[in-house]
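Student: Pasting a structure below so you can have a look.
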Amino acid sequence: MSAGQPSAGESNATESAAEALASGRLLVALDVDGTLLHEDGSASDAVKDAVAHAVDAGHEVTLATGRSWETARDVLALFGLHPEYVVCSNGAVIMQRDGDGYRRAYVETFDARPVLQMVRPFLPEGGYMVELADGTRLHTVGMDSSGWQLGPAQPVPFEELGLEPASRVVVVSPSHDAEEFLDIVEQMGLHKVTYAVGWAAWLDISPEGVSKGSGVARMRELLGFEREALLVVGDGRNDIEMFEYAGSGGGRAVAMGQAPDEVKAAAGEVTGDVDDDGLASVLLSVASPAR
């Protein structure tokens, strides 16, 4: 289901579509962790400067992240970004600028109870978290020791996780390595949801058909950019749908150098690792003034 309605500002953005295309302006959607930020959450000066150059050149630079809004907004502040829209929670939440802040313009939710009941027998010791439509996050005790960036969250018994519609479910299992975890997830036979497995042993589950790709598609339509004006950069399996959407429409999809092979295969280009500021070279390549 969807929550929220387009504002009057969306029609103004759409009316500028032809002007944006003619000017060479790009819609630049960036993953956060492993793309903008290092593993320890830091950002290099080189990447900060490259982001600023792209913004100064007139491009619309925003985030397309698996993070919830409550942690994504800190990234906007870190880079001095004020985009019209931000894709959060792997496409389940789209935030729109509203005065000095942001509001939830679109939220996709689903009944998380069936998937929680399906997953738990495979990962009985795992940590579980659900994000509700209003951004509230509920988690089991095992989740708070997993290293996941929970932000404001409330611990609850597992049985209370699915009482309200959720925009996503996150499962972590620190006792498994990434390869073991992939094997377990394949055995689950997840259906009627969209899911992605992360670098470590974590699983992100969204409503069926919802992904960073669907979120970027909606954002692009609202802003009035043509598909060939898309530039997306990321490093995770949850970026694959976003890469496929950009590439199939003539846009540019770039994988970070440390990305898994299947992520690189989905992108049209590969840049350097996050530790080598791979994103900076991508952004500097488009940072000439738009005309």
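The values are calculated or read from the model by the stated rules, or taken from the named source; none is laboratory data. Bear in mind that the values here come from a model prediction, so they are computed numbers and not experimental data. Heads up, the Cβs are rebuilt from the backbone with ideal geometry, glycines too, and the neighbour counts pull from every protein chain shown. For accessibility, only protein heavy atoms count, side chains too; no ligands or nucleic acids. Shrake-Rupley method; radii C 1.70, N 1.55, O 1.52, S 1.80 Å.
Student: Looking at 232, 286, can you tell me which residue is more than 16 Å from the chain's Cα centre (by Cα) and among the hydrophobic types (A, V, I, L, M, F, W, C)? I'd like the intermediate steps shown before the answer.
Tutor: Working: 232 fails: more than 16 Å from the chain's Cα centre (by Cα).
Step by step, each of 232, 286 is checked, and only 286 is more than 16 Å from the chain's Cα centre (by Cα) and among the hydrophobic types (A, V, I, L, M, F, W, C).
Student: While we're here: For residue 260, all conditions in the list (1) open to solvent by less than 30 Å² (accessible area, probe 1.4 Å); (2) closer than 17 Å to residue 29 by Cβ hold save one; what is the number of the exception?
Tutor: (2)
Student: Checking the condition more than 17 Å from the chain's Cα centre (by Cα) and surrounded by fewer than 22 Cβ atoms within 10 Å (Cβ to Cβ), which residue from 53, 59 passes?
Tutor: Working: 59 fails: surrounded by fewer than 22 Cβ atoms within 10 Å (Cβ to Cβ).
Matching residue, one of 53, 59: 53.
Residues are listed down the side, and each one gets a yes or a no for (1) buried (at least 21 other Cβ atoms within 10 Å of the Cβ); (2) over 26 Å from residue 218 (Cβ atoms):
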| site | (1), (2) |
| --- | --- |
| 91 | yes, no |
| 109 | yes, no |
| 114 | no, no |
| 131 | yes, no |
| 134 | no, no |
| 154 | no, yes |
| 160 | no, yes |
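One line per residue, one yes/no per condition, for (1) modelled with pLDDT of 95 or more; (2) assigned to a helix (DSSP H, G or I); (3) over 22 Å from residue 220 (Cβ atoms); (4) out of contact with any strand residue (DSSP E or B) (no Cβ under 7 Å at 6 or more places or on another chain):
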{"position": "9", "(1), (2), (3), (4)": "no, yes, no, yes"}
{"position": "21", "(1), (2), (3), (4)": "no, yes, no, yes"}
{"position": "52", "(1), (2), (3), (4)": "yes, yes, yes, yes"}
{"position": "63", "(1), (2), (3), (4)": "yes, no, no, no"}
{"position": "77", "(1), (2), (3), (4)": "yes, yes, yes, yes"}
{"position": "86", "(1), (2), (3), (4)": "yes, no, no, no"}
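Student: Does residue 206 meet the test of being hydroxyl-bearing (Ser, Thr, Tyr), open to solvent by less than 10 Å² (accessible area, probe 1.4 Å), under 17 Å from the mean Cα position of the chain (by Cα) and closer than 28 Å to residue 123 by Cα? Walk me through it before giving the result.
Tutor: Details: hydroxyl-bearing (Ser, Thr, Tyr): yes; open to solvent by less than 10 Å² (accessible area, probe 1.4 Å): yes; under 17 Å from the mean Cα position of the chain (by Cα): yes; closer than 28 Å to residue 123 by Cα: yes.
In short, yes.
Student: Sticking with this structure for a sec: Checking residue 124 against (1) touching a Ser or Thr at 6+ places or on another chain (Cβ under 7 Å); (2) free of Cβ contacts under 8 Å to residues at least 12 places away in the same chain, which test does it fail?
Tutor: Single failed check for residue 124: (1).
Student: Here's another thing I want to ask about it. Which one of 226, 241, 269 is in contact with a Leu (Cβ under 9 Å, 6 or more places away or on another chain) and acidic (Asp, Glu)? Before you say what the answer is, go through the steps one by one.
Tutor: Working: 241 fails: in contact with a Leu (Cβ under 9 Å, 6 or more places away or on another chain); 269 fails: in contact with a Leu (Cβ under 9 Å, 6 or more places away or on another chain).
Every option except 226 fails the conditions.
Student: Go through the stretch 68-88 and report how many residues are open to solvent by 30 Å² or more (accessible area, probe 1.4 Å) and in contact with a helix residue (DSSP H, G or I) (Cβ under 9 Å, 6 or more places away or on another chain).
Tutor: Within the stretch 68-88, residues that are open to solvent by 30 Å² or more (accessible area, probe 1.4 Å) and in contact with a helix residue (DSSP H, G or I) (Cβ under 9 Å, 6 or more places away or on another chain) number 4.
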